[in-house]
Structures are given as structure tokens and as C-alpha cells.
Amino acid sequence: MVDTEKRAHAQGDPMKLVTPKGARVDSVRYPDIADLMSRLRFSPGDGRIWLDDQRMVLLHTESIGTLRRELIESLGIDTARGLLTRMGYNSGARDAELARRVRPDNSIMDMFSVGPQLHMLEGLTAVEPVHVEIDVEKGLYHGEFIWKNCSEDEEHVRIYGIGVEPVCWTQIGYACGYTSVFMGRPILYREVECRGLGQPHCRIIGKPIEEWGDEAANDLRFLQAQSFTQGLSAGSARRGGVADLGQRPTPTAFGDSNMVGASPGFNAVCHMIRRVADTKATVLFLGESGVGKEVCARTLHRISRRNDGPFVAVNCAAIPEALVESELFGVEKGGFTDATQSRPGRFERAHGGTLFLDEIGILSPTAQGKLLRALQEGEIERVGDTQTRRVDVRVVAATNLDLKDEIRAGRFREDLYFRLNVFPIRVPSLRERREDLPVLLNHMLHKYRELHGRPVTGFTSRAIDALLSYGWPGNIREMENIVERGVILAPEGGAIDVGHLFISGETLESSLFGLDTSGALSPSGSLLAQMESQAGTEVDRVSRKVNSLLMGLGGDVEPTSLDDIESALLKSAVRQADGNLSAAARTLGITRAQLVYRLKSRGLRV
């Protein structure tokens with residue numbers, strides 16, 4: 001009734017799953033979804049849900065329907081359709097990045113199934129394959145699917161009733177985005193049947209754009225072909241069939257390789273920097289140590305009108321108190337005992353550009369007074385000199401101290417504070433911008449992999465759990481250290497795991513929840529402990545049996561068969577290899593095909 005599913009385990013081989021039209025599609029089986037469920041984590045304590053390294057939300061379908069109606073009635077149906085289609089495309093593209101990380105050793109068809117299964121896991125629709133042909137190396141693709149219980153057309157029909165055009169705009173965009181990124185070339189889907197037209201279910205067909213001919217013109221305009229094809233060239237090819245988290249450099253703000261982020265807090269800082277860059281105002285960056293205040297200051301200088309001038313940075317905390325004045329304002333020959341020649345200070349060296357004063361809160365009262373005069377008058381005097389020199393300098397300061405508390409304690413001059421506090425910009429800590437964690441991790445992985453020449457593929461699910469749960473007291477500076485450490489310690493061609501990251505006594509307090517086998521939420525830590533406990537019990541039982549046999553020990557030992565012993569060895573090898581079947585097979589001294597056969601013969605998940 002259904003053609004035999006043809007699968008090849010060598011990645012890149014043509015994959016075909018063919019189900020003739022009219023046949024029963026419910027006989028087609030997707031891979032076990034447990035690997036995807038394990039990557040869905042709930043963190044109610046700080047109001048976040050994660051799918052691997054992407055933040056997710058749960059929304060009422062009725063509220064999405066309300067948004068859809070507002071878009072249609074305020075912008076028109078074509079504009080609304082374009083916005084929703086492109087939104088779906090972006091979502092599908094992000095899920096495609098996850099597909100090959102989840103199932104790196106599976107067949108291409110199993111990898112591709114991540115998209116339909118995520119579509120169902122995310123509550124959008126039930127996806128049933130009718131006909132799928134994939135040859136990634138040749139760029140050949142043809143797919144036909146049925147959508148049932150589609151949330152998008154339910155809401156559209158609820159509001160507008162049965163119409164004359166297909167209405168699953170967001171989901172069509174998702175399918176296009178997912179398959180295009182997975183294939184590495186633009187793939188277009190069209191909805192040929194839709195419940196919004198009064199038909200019993202939705203049916204979609206996807207194939208490369210050029211194969212559609214003139215039929216695709218109307219659909220393509222909703223995808224904006226220029227942005228649709230962006231980033232899908234051969235340059236984004238995957239190494240060894242595995243989607244690489246750090247394969248492409250992360251988009252950055254202002255073109256600065258160190259200005260990376262996507263959170264509202266990060267965007268607010270970028271907005272403030274952009275607004276003040278072309279002015280002459282003094283800027284004060286506030287925030288914890290390690291949040292990137294100097295990076296922000298350098299970016300401010302680079303996009304300002306002073307970018308042709310010098311950028312001079314001074315760490316006030318690193319200069320001995322007795323030398324602060326000479327460092328800032330310079331010294332004249334004979335100004336003090338060791339001054340054997342005249343030397344300009346940082347203010348003079350920054351003439352025409354920007355002077356960045358980091359850790360300004362620790363300046364001595366005397367230095368604070370002279371700095372105040374330099375800011376007010378634009379004039380400085382070298383130590384031991386009577387000549388006043390005019391300087392054209394824009395001062396940008398930074399501190400991790402609360403200057404108001406320092407004023408109340410008598411350690412900081414109030415008049416200097418008001419002179420510096422013309423345009424304060426608070427840089428949020430990493431705990432306040434957790435949305436940036438995946439972006440930063442991707443950026444740093446790419447950076448340090450290139451720096452050290454290490455072919456690291458990405459992060460394991462456990463590592464991502466730990467990174468999302470960690471408190472980051474050292475902020476971005478600490479993250480750089482930890483990721484660099486992980487790149488160095490991770491195995492060649494492997495992924496970074498928890499043991500490669502947190503080896504300096506860092507404290508992990510998980511507040512994440514995951515889905516257990518029944519679909520209920522449970523704390524991730526307890527799930528892990530439960531699995532480890534179960535594994536430990538089995539290992540202990542098998543170990544006792546093996547020892548009793550090899551060492552000729554007597555006594556009652558729990559009944560353990562040879563199959564039980566082999567199963568325990570197989571599961572232990574796969575677990576230690578973090579699911580990498582090829583690595584597990586090498587550990588056991590057998591081929592990957594032999595390992596797969598043994599796992600399947602015992603009913604163990606592959």
C-alpha cells in the first residue's frame with residue numbers, strides 16, 4: 001500500500017520517501033521525537049522558554065488571530081500576508097540550523113524530519129509526508145505534505161470565514177525558510193489545498209524556485225526574493241553534513257566585530273550610542289565589570305565625527321596615585337625628580353579625538369579637581385609647568401561604581417559627577433540580556449575556533465542548559481574565557497560539553513524545566529539525576545555479574561543475561577559519546593553499521 005521508504009546512511013546520498021497520492025500516509029513513521037523534546041527547556045523563574053539556543057514563547061492562538069486581523073485591516077491583505085510569510089520564513093530558517101545538530105549521524109531524511117516534527121512540537125499543525133525526494137549534493141528537492149489541525153487557518157476561518165485564497169501564510173513561510181536553509185538553495189512551497197477554501201485539510205508542494213516557472217511569481221513577491229535568497233549560496237555549505245553553529249560570522253552592530261547582541265537591552269545601548277555619537281557631549285558608561293564598556297566607547301569614537309583622530313584609553317585603576325596627574329596632563333622636564341625630559345599626557349595625545357577614562361570612580365581628589373578644570377575650560381597644565389595648553393578632546397568615562405554612593409561617602413566630587421553625567425549610558429549585565437547568550441556564544445565559538453584552529457562543531461544540549469542557567473558574575477569577559485576554554489578542551493571535530501566549560505569552581509544553579517517522556521514538565525536537574533540514577537543501577541548490576549563470572553566469586557547475584565551485559569555496554573558507549581554513534585562504535589571496536597544493528601535488535605533508540 002505504501003512504497004518502501006528508501007534511506008541511505010551516508011550523508012549527502014539521495015534520500016527518497018515516496019507515498020503515492022491516495023495512499024494511507026499514517027503508515028509513515030517519523031524518528032523518535034525524544035531528542036527534540038530534550039532540547040525544549042522551561043525557565044519560569046526568569047520568564048523564559050528555550051528550544052536549544054533559541055528563546056521561544058507560548059501564545060494564545062486567539063491573540064495571534066487578533067494580530068492577524070489588525071494587520072489585515074490596518075495594512076491591507078497583501079502587506080499583512082507578506083509580513084506573516086517572512087516571519088514564518090525566519091522561524092523556519094532558525095529551526096533548520098538546529099536540524100543537523102540534533103541528528104548529525106542520522107540519515108538525511110531523519111535530519112530533514114526535524115522541521116516537520118518541530119512544527120508539530122511547537123503546536124502549529126500535524127504534518128504528514130506524502131512524497132519527499134532529497135538530494136542535497138545535487139540540490140534536488142521535491143516535497144509534498146498534508147497539514148492537519150492547522151492553527152493558522154482555524155483562526156483565519158474563525159474571523160473571516162471560508163474564502164477564495166489559501167491562508168496558511170506563516171506556515172508556508174516556515175516551510176520555505178526551513179527547506180531553503182536545509183538544502184542551501186531557495187525552495188518555494190505553494191499551498192494547493194487549504195481549509196480556508198473549505199477543503200478538508202491543507203496540502204503543500206515544495207520545489208526549487210526555477211522549477212515553478214511563471215506559477216511562482218505571485219508567491220515570490222511575499223517573500224521578497226532579494227532577502228529570501230540572501231545567505232543561501234554555496235558559502236554556507238555545511239562541513240561533513242553537520243550544521244555548524246559558528247560556520248558564519250555573527251551579524252554585528254555598527255560593523256564592529258565586538259558589538260554583538262539582539263536583546264532589547266543591547267539595542268537600547270546601541271540606540272543611545274548612535275544618538276550621541278555625532279555630538280560633542282561627554283558620555284558616561286555605567287555597568288558592572290566585564291559588560292563591555294570599553295567596547296562601547298571605542299564604537300562611539302569610531303562612528304563619531306572624531307573617528308579620524310586618536311582614541312586614547314586610560315585605566316585609572318592601573319596607574320599609581322602619585323602618577324595619575326602626570327599620566328593625564330603630562331610632565332615638564334624637572335617637574336619632579338625623575339622627570340628628565342618633557343612628556344605629553346593622555347589629554348594632549350588625544351587632541352582631536354577621544355579620551356576614554358575607565359574606572360574613573362577611583363581617581364584621587366586632587367586628580368578629580370584637575371580633571372574638572374580640563375573638562376570645563378578645555379585647558380590643561382603639565383606637572384611642573386606654568387604654561388596653559390588648550391586641548392580639543394572628547395571625554396568618555398566609565399565606572400562600575402555607583403558614583404552617587406561615592407559622593408555620599410566623600411570619595412567623589414559632586415561637581416565632577418555632574419560634569420561627567422551629561423549623557424549616561426547604562427550597559428546591562430549579561431544576566432539582564434540572556435536573549436543575547438545564543439548570539440554571543442555563536443560569535444565567540446567562531447572567534448576562538450578560528451584563533452586556535454580547532455574544528456569544534458558547537459555545544460552539546462547539556463552545555464547549552466548549563467550556559468543558560470549560569471549567573472555570569474564576570475559577564476562577557478567571563479563568557480569569553482569559558483568559551484575559549486571549551487574550544488581548547490573539546491575533542492577534534494566534536495562538541496563542547498559541560499566538562500569542558502566549568503572547571504574553575506563555577507556554581508551552577510539550574511532553574512530550567514524540560515519535558516519528560518509523558519510530556520509533563522519536570523526540573524531539568526531532576527531529569528538528569530533520574531537518568532543517571534537509572535543508568536548507575538544498571539551498571540552496578542551488570543558489573544557485579546561480570547565480576548562474579550570473571551573472578552569466580554560465589555554467592556547470589558541478580559540474574560543477568562549476556563544480552564543484558566551487551567546492552568549495558570552499548571548504552572554506556574553511546575552515552576559517553578554524547579549520542580555520536582560513530583564515536584561510540586570506535587570505543588567498542590566495531591563499525592557504526594554493526595552498532596546500529598545491535599541497538600535496533602535490542603529495541604534501543606538510534
Scanning segment 51-78 for residues that are in a helix (DSSP H, G or I), buried (at least 16 other Cβ atoms within 10 Å of the Cβ) and not charged (D, E, K, R), the one farthest from the chain's Cα centre (by Cα) turns out to be I72
Output for Cβ contacts, cut-off 6 Å, separation at least six or different chains, first residue in the same structural domain as M120 (by TED's automatic domain parsing) in segment 144-155, second modelled with pLDDT of 90 or more and of a type in the set (K, R), reads I146/R203; D153/R195
Within segment 278-307, the count of residues that are assigned to a helix (DSSP H, G or I) and within 13 Å of D358 (Cβ to Cβ) comes to 6
Exercise for the section: Kindly indicate whether any position in segment 454-464 is among the polar types (S, T, N, Q), part of a helix (DSSP H, G or I) and either surrounded by fewer than 23 Cβ atoms within 10 Å (Cβ to Cβ) or modelled with pLDDT of 85 or more (or both). Expected result: yes
Considering only strands (runs of 3 or more DSSP E) wholly within segment 341-433, the ones with at least 2 residues that are over 23 Å from G292 (Cβ atoms) are 379-381, 388-390
Pairing a residue in segment 439-451 that is farther than 21 Å from L51 by Cβ with any residue that is among the aromatic types (F, W, Y) and at pLDDT 85 or above, where Cβ atoms lie under 7 Å and the two sit 6 or more apart in sequence or on different chains, gives none
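Looking at this structure, is A126 among the aliphatic types (A, V, I, L, M), modelled with pLDDT of 90 or more, surrounded by fewer than 16 Cβ atoms within 10 Å (Cβ to Cβ) and under 28 Å from V57 (Cβ atoms)?
Values: among the aliphatic types (A, V, I, L, M): yes; modelled with pLDDT of 90 or more: yes; surrounded by fewer than 16 Cβ atoms within 10 Å (Cβ to Cβ): yes; under 28 Å from V57 (Cβ atoms): yes.
Yes, satisfied.
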Turns out the helices (runs of 4 or more DSSP H) fully within segment 86-178 with at least 2 residues that are of a type outside the set (S, T, Y) and within 22 Å of I64 (Cβ to Cβ) are 114-121, 151-160
H9: passes all of (1) modelled with pLDDT of 85 or more; (2) outside the structural domain of M109 (by TED's automatic domain parsing) but (1)
> Can we say I134 is surrounded by fewer than 22 Cβ atoms within 10 Å (Cβ to Cβ), more than 20 Å from L58 (Cβ to Cβ) and in contact (Cβ under 8 Å) with a residue 24 or more places away in the chain?
Replying inline: no
Using the structure shown, decide if M87 is at pLDDT 85 or above, surrounded by 14 or more Cβ atoms within 10 Å (Cβ to Cβ), in the same structural domain as I134 (by TED's automatic domain parsing) and closer than 18 Å to L124 by Cα. yes
Out of (1) under 33 Å from the mean Cα position of the chain (by Cα); (2) hydrophobic (A, V, I, L, M, F, W, C); (3) over 22 Å from E73 (Cα atoms), the one W169 does not meet is (3)
Of the residues in segment 257-301, those that are of a type in the set (K, R) and surrounded by 17 or more Cβ atoms within 10 Å (Cβ to Cβ) come to K293, R298
Log entry, pairs with first residue in segment 587-598 being under 12 Å from K571 (Cα atoms), second being surrounded by fewer than 16 Cβ atoms within 10 Å (Cβ to Cβ) and of a type in the set (D, E), beta carbons closer than 8 Å, six or more apart or on different chains, reads R598/E566
Scanning segment 311-337 for residues that are over 20 Å from I360 (Cα atoms), part of a loop (DSSP other than H, G, I, E, B) and not acidic (D, E), the one modelled with the highest pLDDT turns out to be K333
Among (1) surrounded by 20 or more Cβ atoms within 10 Å (Cβ to Cβ); (2) more than 23 Å from the chain's Cα centre (by Cα); (3) closer than 26 Å to R462 by Cα, R81 falls short only on (3)
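The values are calculated or read from the model by the stated rules, or taken from the named source; none is laboratory data. What you are looking at is a predicted structure, and each value in this text was computed from that prediction instead of being measured. Every residue, glycine among them, receives a Cβ derived from its backbone with ideal geometry; neighbour counts consider all protein chains shown.
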